[in-house]
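S.K.: Before I ask anything, here is the structure I am working with.
The values are calculated or read from the model by the stated rules, or taken from the named source; none is laboratory data. The structure presented is a predicted model; accordingly, all values stated were derived computationally and were not measured. For neighbour counting, all protein chains shown are included, and Cβ atoms are generated from backbone atoms with ideal geometry for every residue, glycine included. Please note that ligands, DNA and RNA were not included when accessible areas were found on the heavy atoms of the full protein model with its side chains. Shrake-Rupley method; radii C 1.70, N 1.55, O 1.52, S 1.80 Å.
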2 protein chains.
Amino acid sequence: MNDDTVVGRPTIEFWYEFASSYSYLAVMRIEALAAAADVRVEWRPFLLGPVFMSLGWNDSPFNIYPPKGRYMWRDLERLCARYRLRLTRPSVFPRNALLAARVACHGQREPWIGAFSRMVMEANFADDRDIGSEQLITELLSSLSLPAAALIAAARQPAGKEALRRQTERACELGLFGAPSFVVGEELFWGNDRLEEALDWARGRSTLPPLG
Amino acid sequence: MNDDTVVGRPTIEFWYEFASSYSYLAVMRIEALAAAADVRVEWRPFLLGPVFMSLGWNDSPFNIYPPKGRYMWRDLERLCARYRLRLTRPSVFPRNALLAARVACHGQREPWIGAFSRMVMEANFADDRDIGSEQLITELLSSLSLPAAALIAAARQPAGKEALRRQTERACELGLFGAPSFVVGEELFWGNDRLEEALDWARGRSTLPPLG
């Protein structure tokens, strides 16, 4: 519990996956933009794999459809230049993000969730490091002065595994089909491009009747 | 030939398909934005069907993947509200745009291409009319005081059919995988969201070395 739980403060659910390239952009940007807009962020790490499987894809669509993949990497490069984010194309894509996602899910209401998420993303997309390795996750948590071994152990308990599995199921139920996605009330926004619009919606600066 | 052919004026290739929902937004917006940026637009109508077939899709991905489709219609509604564009969800999607695309391809260097393209798009996405019908295309061309019968006949000549076929092949060669897309020199931009960025690129306000 912290002061973010003030009743009535505009809130955005932020759905992201550590292996997702466009999630990298949103993870790096959301905390500062949401703070400026006075919108509370509910961090919702999940796994895209099961979501993609439900759509019939057994790999990232950026790998299944080469023209989409070629475009994405160039688009990401342009966007990173615009946002002044570092980028090194990961030597493995998509990377196994299971452990990172379990730890993030376990800590998604903790004050360190933003900093931890950014560190994982930078390890993957700026430093080309293996975010699937326990050693790396330990290093990142420790650098935040967190009890790495205890957090990793908790995230790997049956309850920790189950929490991430349920959260991923919830993503499917919400109609998510990619990441990053933002949920504001009944409204779904997909893609890093929609972050500003989703924050506007949370602030009540944009409204529209539900689709009939 | 018109004054747009001045050598050295920044140019953007605008690739669009009359059945494509996000192309509707870009067709309605591009002429005013490009004029304000002093960028010349080369209109490139093409058919998404063969492009999608080359990716293994025999229908719009918005139909193949229901969560993507549900999201797209709501997103389109929000964007139309923001851009102050009318929207009526077409009772048939995607509509057969072959005749409209042939006529547009035949006239893509003519001064009426922008006005004609906007009228076809509004017929499809604002008025739910069948843009595949020769009667409708005749009506739209006539309302622009153009010789409808002659233009339709020319677009249906073997040379007219071949021009659209070659243009669609060119789209695949350029790495296009959806519409709208924008090409500025060697740079590809995909989606209505990227229109402003593509115009910036054409103006030389954004540059970045090619992806290594």
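S.K.: Out of (1) touching a residue at least 60 places away in the same chain (Cβ under 8 Å); (2) out of contact with any Leu (no Cβ under 6 Å at 6 or more places or on another chain), the odd one out for B:Asp193 is which?
M.R.: (1)
S.K.: Return the residues of segment A:25-45 that are more than 26 Å from A:Cys172 (Cα to Cα) and either modelled with pLDDT under 95 or among the hydrophobic types (A, V, I, L, M, F, W, C) (or both); say none if nothing qualifies.
M.R.: Correct list: A:Ala32, A:Leu33, A:Ala35, A:Ala36, A:Ala37.
S.K.: For A:Ala101, indicate whether it is open to solvent by less than 50 Å² (accessible area, probe 1.4 Å) and either charged (D, E, K, R) or within 20 Å of A:Leu195 (Cα to Cα) (or both).
M.R.: No; evaluated as a whole, the condition is false for this residue.
S.K.: Is segment B:2-17 home to any residue that is hydrophobic (A, V, I, L, M, F, W, C), open to solvent by less than 50 Å² (accessible area, probe 1.4 Å) and assigned to a helix (DSSP H, G or I)?
M.R.: no
S.K.: Consider A:Leu199 carefully, then state whether it is of a type outside the set (Phe, Trp, Tyr) and surrounded by 16 or more Cβ atoms within 10 Å (Cβ to Cβ).
M.R.: Here the answer is yes, as A:Leu199 does meet what is asked.
S.K.: A follow-up question, please. Output yes when any residue across segment A:33-42 is of a type in the set (A, V, I, L, M, F, W, C), on the phi < 0 side of the Ramachandran plot, crowded, with 20+ Cβ neighbours inside 10 Å and within 14 Å of chain B (Cβ to nearest Cβ), and no when none is.
M.R.: Among the residues of segment A:33-42, not one is of a type in the set (A, V, I, L, M, F, W, C), on the phi < 0 side of the Ramachandran plot, crowded, with 20+ Cβ neighbours inside 10 Å and within 14 Å of chain B (Cβ to nearest Cβ), which makes the answer no.
S.K.: Sort out which residues of segment B:64-91 are open to solvent by 50 Å² or more (accessible area, probe 1.4 Å), in contact (Cβ under 8 Å) with a residue 24 or more places away in the chain and within 13 Å of chain A (Cβ to nearest Cβ), and write them in order of number.
M.R.: B:Tyr83, B:Leu87, B:Thr88, B:Arg89, listed by residue number.
S.K.: Quick check on A:Trp112: is it open to solvent by less than 60 Å² (accessible area, probe 1.4 Å) and of a type in the set (Phe, Trp, Tyr)?
M.R.: Yes.
S.K.: Hey, any hits in segment B:8-24 for a residue that's among the aliphatic types (A, V, I, L, M) and modelled with pLDDT under 95?
M.R.: No, because not a single residue in segment B:8-24 is among the aliphatic types (A, V, I, L, M) and modelled with pLDDT under 95.
S.K.: Note down all Cβ pairs under 7 Å where the first residue falls in segment A:92-109 and is in a loop (DSSP other than H, G, I, E, B), the second is open to solvent by 60 Å² or more (accessible area, probe 1.4 Å), and they're at least six residues apart or on different chains.
M.R.: A:Arg95/A:Asp130
S.K.: Looking at segment A:27-56 only, could you name the residues that are touching a strand residue (DSSP E or B) at 6+ places or on another chain (Cβ under 7 Å) and closer than 16 Å to A:Pro94 by Cβ?
M.R.: Scanning segment A:27-56 gives A:Val27, A:Pro45, A:Phe46.
S.K.: While we're here: Select the helices (runs of 4 or more DSSP H) contained entirely in segment A:132-187, then report the ones holding at least 1 residues which are within 14 Å of chain B (Cβ to nearest Cβ).
M.R.: Once the helices (runs of 4 or more DSSP H) in segment A:132-187 are filtered for at least 1 residues that are within 14 Å of chain B (Cβ to nearest Cβ), what remains is A:158-173.
S.K.: Quick one: would you say B:Ala179 is open to solvent by less than 30 Å² (accessible area, probe 1.4 Å) and within 13 Å of B:Phe46 (Cα to Cα)?
M.R.: Answer is yes for this residue.
S.K.: Hey, could you check segment B:43-54 for residues that are buried (at least 18 other Cβ atoms within 10 Å of the Cβ) and over 11 Å from the mean Cα position of the chain (by Cα) and say which is nearest to the other protein chains (Cβ to nearest Cβ)?
M.R.: Among those that are buried (at least 18 other Cβ atoms within 10 Å of the Cβ) and over 11 Å from the mean Cα position of the chain (by Cα), it is B:Val51.
S.K.: Mind checking whether some residue in segment B:59-74 is under 19 Å from the mean Cα position of the chain (by Cα) and among the small types (Gly, Ala, Ser)?
M.R.: Looking for residues that are under 19 Å from the mean Cα position of the chain (by Cα) and among the small types (Gly, Ala, Ser), one finds at least one in segment B:59-74, hence yes.
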